[in-house]
1. Mind checking which residues of segment 17-54 are assigned to a loop (DSSP other than H, G, I, E, B), away from ligand 1 (no atom under 13 Å from the Cβ) and under 30 Å from residue 189 (Cα atoms)?
2. Against the definition (surrounded by fewer than 19 Cβ atoms within 10 Å (Cβ to Cβ), closer than 21 Å to residue 317 by Cα and either away from ligand 1 (no atom under 14 Å from the Cβ) or assigned by TED's automatic domain parsing to the domain that holds residue 60 (or both)), how does residue 150 come out, yes or no?
3. Check whether at least one residue in segment 150-165 is more than 19 Å from residue 38 (Cβ to Cβ) and touching a strand residue (DSSP E or B) at 6+ places or on another chain (Cβ under 7 Å), and report yes or no.
4. Show the residue pairs that are 6+ apart or on different chains and have beta-carbon atoms under 6 Å apart, the first residue being within segment 59-74 and in contact (Cβ under 8 Å) with a residue 40 or more places away in the chain, the second being in a helix (DSSP H, G or I).
5. Could you list, in sequence order, all residues of segment 1-14 that are within 26 Å of residue 70 (Cβ to Cβ) and in a strand (DSSP E or B)?
6. Please go through segment 180-191 and pick out each residue that is more than 12 Å from residue 6 (Cβ to Cβ) and surrounded by 16 or more Cβ atoms within 10 Å (Cβ to Cβ).
Ligand SMILES: Nc1ncnc2c1ncn2[C@@H]1O[C@H](COP(=O)(O)OP(=O)(O)OP(=O)(O)O)[C@@H](O)[C@H]1O
Ligand SMILES: [Mg+2]
């Protein structure tokens, strides 16, 4: 939270962490604690789409600005090309002659920020989805805003490598190349903190749970706050450790499989290969092992470069992490999801 607070005094902050690590919660607490106008774009909704259009982006922005920017300030948008005011709400023209420019919306927001003496923060939650934006390069207006305007940006992402792929901060040909940013990582809780987290939660509700059960829950579920809170919530209903644990695992596994299916959208041609890699790597695997597994299954050789690309995509999407020479599931629930 301290790092995030520091970050939003500057143009660009990245908040990274695998699924269910608490990114959105952190951002929500930040917006409640800190002064400012917060424009929160939830891009999760595009997770199962294969592409996003300029229209999708503009309509989302229109909706959020109408909710987050007070009416008094929305009026200041009068005169911006492609913007009309319908009653008390702004309307953005997303196509055809005289359509709105993303950079002009940013300019207006920046003007409002200076006039009001308030910071304006645009949060792109699950920003890696913006890679799917077709026919429009968002990086140009972002770089323009970075250099010239008073807007702050927060990019969150569960698919950590995909966020870097989207922003292309290290690519000299990219508009955002070389810009400084604050990076914050939401890590899973340590075993101690996870156990304490559950204990305190139950204490608040005056529910007695045996230490054994708490430790078993943490050993089984790992340290992601998302699964721990799910367990706690289910325990309160079930009042039984085994049943609560079973339900949590089932839910986690279903969700991870669904997310994996979303990952496979647009990658159908390599679907079986991705599944094979995940299945052989549930307990960790080396490059050669996973490659052999695919070759054994297909009965032919696979090109080294192509295979590495598949493996890297799984890392970029945070299904796997690479530690030394070993690739392993990014979280214990991911391991479980591909074990059965
Ligand atoms: N620091 C925390 N303390 C207590 N509970 C937390 C904390 N962080 C997250 N949680 C709980 O964990 C759940 C998952 O968190 P959240 O949705 O913020 O994670 P996320 O990283 O945005 O996940 P997703 O990838 O699903 O978007 C939430 O329901 C929240 O209640
Ligand atoms: Mg989230």
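The values are calculated or read from the model by the stated rules, or taken from the named source; none is laboratory data. Just so it is clear, the model here is predicted, and its values are computed rather than measured. Glycine also receives a Cβ, built like all others from the backbone with ideal geometry; neighbour counts cover every protein chain displayed.
1. Within segment 17-54, the first condition is being assigned to a loop (DSSP other than H, G, I, E, B), and the residues that meet it are 17-22, 34-36, 47-51, 53.
Then drop every residue that is not away from ligand 1 (no atom under 13 Å from the Cβ), which leaves 34-36, 48-51, 53.
Matches in segment 17-54: 34, 35, 36, 48.
2. Details: surrounded by fewer than 19 Cβ atoms within 10 Å (Cβ to Cβ): yes; closer than 21 Å to residue 317 by Cα: no; either away from ligand 1 (no atom under 14 Å from the Cβ) or assigned by TED's automatic domain parsing to the domain that holds residue 60 (or both): yes.
Answer is no for this residue.
3. Let us first name the residues in segment 150-165 that are more than 19 Å from residue 38 (Cβ to Cβ), namely 158-165.
Filter once more, so that each one left must be touching a strand residue (DSSP E or B) at 6+ places or on another chain (Cβ under 7 Å): 160, 163.
Yes; the residues of segment 150-165 include at least one that is more than 19 Å from residue 38 (Cβ to Cβ) and touching a strand residue (DSSP E or B) at 6+ places or on another chain (Cβ under 7 Å).
4. Filtered contacts from segment 59-74: 73/112.
5. Listed by number, the residues that qualify are 12, 13.
6. In the first step, residues of segment 180-191 are kept if they are more than 12 Å from residue 6 (Cβ to Cβ); the result is 180, 185-191.
Within segment 180-191, 186, 188, 189 qualify.
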